[in-house]
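Contents: one structure, followed by commentary.
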Amino acid sequence: MLNKTITAALSGVCMLAMPLLARAQASELSDADRAELKQEIIAAIDKKAKLAQVMNDEIFSYAELGFQEFKTSAYLTGLLKKNGFSIEPGIAGIPTAWMATWSNGEGGPVIALGSDLDCIPKASQKPGVAYHDPIVPGAPGHGEGHNSGQVVNIVAALTVKDFMVKHHINGTIKIWPGVAEELLGAKAYYVRAGYFKNVDAVLYSHVGTGFGTSYGSPGMSGMVSVKYNFHGEAAHSAMAPWRGRSALDAVELMDVGMNFRREHLRLSQRTHYVISNGGDQPNVVPPEASVWYYFRETDYAHIKGLWDIGNKTAQGASLMTDTSWDETVLGSAWPGYFNKPMAEDAYENIKLVGMPKWSADDETLAKGLQKELNLPQTGLGTSVMPLRQPLPPEQNYGGPSDDIGDISWNVPTIVLSYPANIPNVTFHHWSAAVAMATPIAHKGIVAGAKVQAMNLLDLMTEPKLLASAHDYFDNVQTKDIKYTPLLRPQDTPAIHSNEATMAEFRPAMEKYYYDPKKYDTYLEQLGIHYPTLRKVGTDTVGGSDS
C-alpha cells in the first residue's frame, strides 16, 4: 500500500522552504502511511537488539580518549561499509574523524546523524558492579557513556535505509562521529571545513538518564579551551636561582590572578584549569610550564571577553616573572541552540516509544549504585521527560558545553537524550560507566534507536517539517544572532592529545576487548554476575571473576 501512496512532494510545500530544500526532491507519505511505517520500524529495530548490544559492548571495551579513537572508528566505518555506506576518512584533518554517506534515488533531503566516541581519563570500571572496581586501574573508561550514541544512530539509519529502498523514498543519510568531544576538539573544524553546507538537518544523540529533547537554548555554555605556555630560563635552584626565570612562577601567578578575578565575573561564567606542565624537578628552575584553561560563558561576546581577561592575566604574569608566553587553542564550542519544529516532532516520537521496561535486576543495580554514592535510592526512570523549553536569558546561568553548538548554528539541529544510564550518577566519573555495558544501556539504546529512526523518517517524508525547521532557523534562531567561529584561521585540531596516555594503557586494555564470537555479552566475558553490589564492608553480593 505504501508504495502506491508515495508522491513527489515539494510542489505542495509552502514558500517557506530554503533554496537548499527547493533543489531537493523529497518523497511524501500520508499521515496514516507514516504511522503504519513507524510501527514496522519499531518491530524492525527490536530485531536489531542483538546488533545494538554487541556494538555497544564492543565500543565500551575499547575506551579510547579523544583524538585516539582509532579502534572505535575502524570498527564503525567497517560496519557501515558492509551496509553500503561510502566513507570519507580523516575529515577536517582529524585522523579518527570520518563522514559516512548513503543515498537513495535522485535528490531528497540530506539528513546527518552524529554522536560522540571518546571516553574519560581514569574512569575504567567493570560494568554491572555498583562500586568502584576498574577493569584496568588508572585506565580510561566510558564514564560519560559515549560508547552508546553511535549505536543509536547507526541502528536507526540502517533500519530507515532498508525502508527507503523498499518504499522508494528518496534521500541521503550521513553519519559522522563526535571526535574528542570531551576536549570540544572537532565539530567546529567540521563546520569550518564545510561538511554541513549541503545538509538539511542534523539529528544528534547523547546518552542520558531520561528520555527527552529540547528546543531553543537549554542552558548550555559555550567555551574556548586555551593552553597558556610560558617560557623562561633554567638554572640550578640552589646554586644560582637568580639566573633563572621560572615559567612555573608565571603559571602560578596567572592562576592566582584569575582566581582573584572570579569575584568580579558574571554568575554565568565557568573558568577552570589544570597545570599540564609544571616543570621537571625541584632543583631546576622550570624553563617551560603550561596551564590549560576552559573559559565558559553563555554567549559568543562573553566567551570572547573571558578569553581576553585570560590573555591579559597571562601577560601580567609574564611581566612579573620576566618570561614570555604564547597560547594554543585546543577546542571551542558555541552554546547550543536547537530547532523547535524538529524537537516537537521528536517529542511525539518519544511519547510513542515510551520508557524501557526495567527488570528487577536493573533496579537493583541502580539503587545499589545510588546507595554507594550516598544518593536517594530512586532507581530508574519510568516516564518520559517533558519537552524542555528554552530558558529566559536572565535565568541562564550556564552549564556544560558540547561542540554540537557550532553545528546547531549552521543547520537546524536537535539533540535526543535517550535513557541508557542511572539517574544522579556523577558524569566524568567511574560511576557513569557502571550501567553502560549492561541491560540498562542495551534497553536504552534500542528505545533511542526507535525514536531516532522515526525522526529520520519524518524528515525524509514530511517536507512541511523541513520547511518549518528552516523557517525557525532563519527567522527565529539566526534572525539577530549570526555564527562567528571562535576558532581562528591559524588554529588546528589538537590531534596528538592523549597519545601518551593511550600508549601507556592500551596494551593492558587490549586483553579485555570484547569478543562477541566467544561471549554473548561483555558481562559474560568479564565474569560479572549481574548485578554485583557491595554488601558489608568489602563483601559483595554477586561477584566478579576478573
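Out of Q39, Q68, report the one residue that is open to solvent by 10 Å² or more (accessible area, probe 1.4 Å) and assigned to a helix (DSSP H, G or I).
Just a single option satisfies the conditions, and that option is Q39.
Filter region 75-111 down to the residues that are hydroxyl-bearing (S, T, Y) and part of a strand (DSSP E or B) and list them by number.
S86, T101, S103 - these are the residues of region 75-111 that are hydroxyl-bearing (S, T, Y) and part of a strand (DSSP E or B).
With the condition kept exactly as written, say whether any residue in region 489-499 is modelled with pLDDT of 95 or more and in contact with a strand residue (DSSP E or B) (Cβ under 6 Å, 6 or more places away or on another chain).
Pass one, region 489-499, residues modelled with pLDDT of 95 or more: 489-499.
Checking which are in contact with a strand residue (DSSP E or B) (Cβ under 6 Å, 6 or more places away or on another chain) leaves us with 491, 494.
Checking region 489-499: at least one residue is modelled with pLDDT of 95 or more and in contact with a strand residue (DSSP E or B) (Cβ under 6 Å, 6 or more places away or on another chain).
Could you grab me the full set of residues in region 504-531 that are open to solvent by less than 70 Å² (accessible area, probe 1.4 Å) and more than 13 Å from D57 (Cα to Cα)? Break it down stepwise before answering.
Of the residues in region 504-531, the ones open to solvent by less than 70 Å² (accessible area, probe 1.4 Å) are 505-506, 508-509, 513-516, 521-523, 525-528, 530-531.
Once the filter is applied, which keeps residues that are open to solvent by less than 70 Å² (accessible area, probe 1.4 Å) and more than 13 Å from D57 (Cα to Cα), region 504-531 yields F505, R506, A508, M509, G527, I528, Y530, P531.
For region 471-499, which residues satisfy the criterion of being under 23 Å from the mean Cα position of the chain (by Cα), open to solvent by 30 Å² or more (accessible area, probe 1.4 Å) and of a type in the set (A, V, I, L, M)?
Selection gives I495 alone.
Within region 307-328, can one find any residue that is surrounded by fewer than 20 Cβ atoms within 10 Å (Cβ to Cβ), in a loop (DSSP other than H, G, I, E, B) and not β-branched (V, I, T)?
So far as region 307-328 goes, yes, one or more of its residues are surrounded by fewer than 20 Cβ atoms within 10 Å (Cβ to Cβ), in a loop (DSSP other than H, G, I, E, B) and not β-branched (V, I, T).
So G379 passes all but one of these: (1) without any contact (Cβ under 8 Å) to a residue 60 or more places away in the chain; (2) among the small types (G, A, S); (3) open to solvent by 10 Å² or more (accessible area, probe 1.4 Å). Which condition number does it fail?
The one condition G379 does not meet is (3).
Can you say whether K227 is under 22 Å from G78 (Cα atoms) and open to solvent by 10 Å² or more (accessible area, probe 1.4 Å), as far as the supplied structure shows?
Values: under 22 Å from G78 (Cα atoms): no; open to solvent by 10 Å² or more (accessible area, probe 1.4 Å): yes.
Taking the combined requirement at face value, the residue does not satisfy it.
Name the single residue that is farthest from L523 (Cα to Cα) among those in region 41-100 being without any contact (Cβ under 8 Å) to a residue 24 or more places away in the chain and among the hydrophobic types (A, V, I, L, M, F, W, C).
Taking the candidates together, the pick is I87.
Quick check, is N56 touching a strand residue (DSSP E or B) at 6+ places or on another chain (Cβ under 7 Å), buried (at least 23 other Cβ atoms within 10 Å of the Cβ) and in a helix (DSSP H, G or I)?
no
Can you work out which of the residues in region 43-53 that are in a helix (DSSP H, G or I) and open to solvent by 30 Å² or more (accessible area, probe 1.4 Å) is farthest from G143 (Cα to Cα)? Steps first, answer last, please.
Start the filter on region 43-53 by keeping residues that are in a helix (DSSP H, G or I), which leaves 43-46, 49-53.
Next, only the ones that are open to solvent by 30 Å² or more (accessible area, probe 1.4 Å) stay: 43, 46, 49-51.
Numbers: A43: 31, D46: 27, A49: 23, K50: 23, L51: 22 Å.
Selected residue: A43.
Give I111, I120, I59 a once-over and let me know the one that is closer than 30 Å to A494 by Cα and in contact with a His (Cβ under 7 Å, 6 or more places away or on another chain).
Working: I111 fails: in contact with a His (Cβ under 7 Å, 6 or more places away or on another chain); I59 fails: in contact with a His (Cβ under 7 Å, 6 or more places away or on another chain).
One residue alone meets the criteria, I120.
Considering (1) closer than 25 Å to E181 by Cα; (2) in a helix (DSSP H, G or I); (3) of a type in the set (F, W, Y), say which one Y293 fails and leave the rest.
So the condition that Y293 fails would be (2).
Report every pair of residues separated by at least 6 positions or lying on different chains whose Cβ atoms are under 7 Å apart, first residue within region 166-187 and more than 20 Å from D200 (Cα to Cα), second among the acidic types (D, E) and assigned to a strand (DSSP E or B).
From region 166-187, the pairs are E181/D116.
Would you pick out the residues in region 387-431 that are crowded, with 21+ Cβ neighbours inside 10 Å, in a helix (DSSP H, G or I) and over 14 Å from the mean Cα position of the chain (by Cα)?
W430, S431
For A130, indicate whether it is touching a helix residue (DSSP H, G or I) at 6+ places or on another chain (Cβ under 8 Å), surrounded by fewer than 17 Cβ atoms within 10 Å (Cβ to Cβ) and either modelled with pLDDT of 95 or more or over 28 Å from T413 (Cβ atoms) (or both).
Spelling it out, it is not the case that A130 is touching a helix residue (DSSP H, G or I) at 6+ places or on another chain (Cβ under 8 Å), surrounded by fewer than 17 Cβ atoms within 10 Å (Cβ to Cβ) and either modelled with pLDDT of 95 or more or over 28 Å from T413 (Cβ atoms) (or both).
Would you pick out the residues in region 136-149 that are open to solvent by less than 30 Å² (accessible area, probe 1.4 Å) and in a loop (DSSP other than H, G, I, E, B)?
If the condition is that a residue be open to solvent by less than 30 Å² (accessible area, probe 1.4 Å) and in a loop (DSSP other than H, G, I, E, B), then V136, A139, P140, H142, G143, E144, G145, H146, N147, S148 are the ones that fit.
When you check P341 against the structure, is it of a type outside the set (S, T, Y), touching a residue at least 24 places away in the same chain (Cβ under 8 Å), open to solvent by 10 Å² or more (accessible area, probe 1.4 Å) and touching a Leu at 6+ places or on another chain (Cβ under 7 Å), yes or no?
yes
Given the options V165, V155, V160, name the one that is under 23 Å from K47 (Cβ atoms), surrounded by fewer than 21 Cβ atoms within 10 Å (Cβ to Cβ), out of contact with any His (no Cβ under 9 Å at 6 or more places or on another chain) and not polar (S, T, N, Q).
Criteria check complete, one pass: V165.
Any chance region 147-166 includes a residue that's among the acidic types (D, E) and closer than 24 Å to K82 by Cβ?
yes
Are any residues in region 315-338 among the aromatic types (F, W, Y) and more than 19 Å from D402 (Cα to Cα), and if so, which ones? Full working, then the answer.
Step one: of region 315-338, the residues among the aromatic types (F, W, Y) are 325, 334, 337-338.
The answer is W325, and nothing else.
Here's a check for you: in region 236-288, which residue that is outside any strand (DSSP E or B), among the charged types (D, E, K, R) and open to solvent by 80 Å² or more (accessible area, probe 1.4 Å) is nearest to P393 (Cα to Cα)?
Taking the candidates together, the pick is R266.
Anything in region 178-224 that is at pLDDT below 95 and out of contact with any strand residue (DSSP E or B) (no Cβ under 7 Å at 6 or more places or on another chain)? List them, or say none.
S217, G219, M220
The values are calculated or read from the model by the stated rules, or taken from the named source; none is laboratory data. Bear in mind the structure is a predicted one, so any value in this text is a computation, not a measurement. When we count neighbours, we look across all protein chains shown, and the Cβ atoms used for this are built from the backbone with ideal geometry, even at glycine. These accessible areas exclude ligands, DNA and RNA; they are computed on the full protein's heavy atoms, side chains included. Shrake-Rupley method; radii C 1.70, N 1.55, O 1.52, S 1.80 Å.
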